[in-house]
1. Just to be sure I understand the filter: pairs with C-beta atoms under 9 Å, separated by 6 or more residues or on different chains, first member in the range 164-183 and farther than 27 Å from residue 113 by Cβ, second member among the acidic types (Asp, Glu). Which pairs pass?
2. For the range 1-59, name all the residues that are polar (S, T, N, Q), outside any loop (DSSP other than H, G, I, E, B) and over 27 Å from residue 111 (Cβ atoms).
3. List the residue pairs whose Cβ atoms are under 8 Å apart, where the first residue sits in the range 42-59 and is among the aromatic types (Phe, Trp, Tyr), the second is assigned to a loop (DSSP other than H, G, I, E, B), and the two are 6 or more positions apart or on different chains.
4. Which residue pairs have Cβ atoms closer than 7 Å, lie 6 or more positions apart in sequence or on different chains, and pair a first residue in the range 62-89 that is modelled with pLDDT under 95 with a second residue that is among the polar types (S, T, N, Q) and surrounded by fewer than 17 Cβ atoms within 10 Å (Cβ to Cβ)?
5. When the residues of the range 64-75 are narrowed to those that are buried (at least 19 other Cβ atoms within 10 Å of the Cβ) and not β-branched (Val, Ile, Thr), which ends up farthest from residue 152 (Cα to Cα)?
6. Find the residue count for the range 1-32, including only residues that are in contact (Cβ under 8 Å) with a residue 12 or more places away in the chain and either of a type in the set (Val, Ile, Thr) or under 18 Å from residue 120 (Cα atoms) (or both).
7. Pick out the one residue from 94, 98 that is touching a residue at least 12 places away in the same chain (Cβ under 8 Å), assigned to a helix (DSSP H, G or I) and surrounded by fewer than 14 Cβ atoms within 10 Å (Cβ to Cβ).
Amino acid sequence: MSEPIRCSWPGMTDPLYLTYHDEEWGRPLKGDDAVFERVALEAFQSGLSWLTILRKRENFRAAFDGFSIPKVAAYTERDVERLLGDAGIVRNRAKIKAAINNARAALDLPGGLSELVWRYADPDAPVPKTMADVPATTPGSTALAKELKKRGFSFVGPTTAYALMQAIGLVNDHLEECVARSR
């Protein structure tokens, strides 16, 4: 029996990456804390491999109180120092402070973070045939990044916003022949 056809980005060797690709990436995800987790993790991923973040994901969840927006918004400099000492996460002061800042900004959103982000869903995005057809940014991701920045968010440029859009199902960038596209 042959292997199912998948997008090439997760490779074919790491079970964690394959499971993420097959069961999570590109599937609709809603809820303020769930979306906040993804915003934070996409920012932490910047400049790193997504597999690095996946391998540390449970540590991030523990370190950031399950990405509860009110809890993270209440973090102090003491929490920043605690997080900088946590070898189980990416210890980058700017990214840690951005996560805290973004939680505070999310608290102020009328309707919540999930509602705001889902306004930028693009169910009619072109179906990519090859990885070369998958953009790094789109007008929608540029608009989402601009809206988040206007609302006080940081570490959310158009590329990070597009990665978020892909991850939580605002667009479906599984390749046309990918086994996960129609799931």
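The values are calculated or read from the model by the stated rules, or taken from the named source; none is laboratory data. As the structure is a prediction and not an experimental result, all values here were calculated from the model. Virtual Cβ from ideal backbone geometry, glycine too; neighbours counted across all protein chains shown.
1. 175/133; 176/133; 179/22
2. Of everything in the range 1-59, those that are polar (S, T, N, Q), outside any loop (DSSP other than H, G, I, E, B) and over 27 Å from residue 111 (Cβ atoms) turn out to be 19, 52, 59.
3. Close Cβ pairs (under 8 Å, with a partner that is assigned to a loop (DSSP other than H, G, I, E, B)) amount to 44/89; 44/90; 44/92.
4. none
5. Applying the filter and picking the extreme gives 64.
6. Number satisfying all stated conditions: 9.
7. Step by step, each of 94, 98 is checked, and only 94 is touching a residue at least 12 places away in the same chain (Cβ under 8 Å), assigned to a helix (DSSP H, G or I) and surrounded by fewer than 14 Cβ atoms within 10 Å (Cβ to Cβ).
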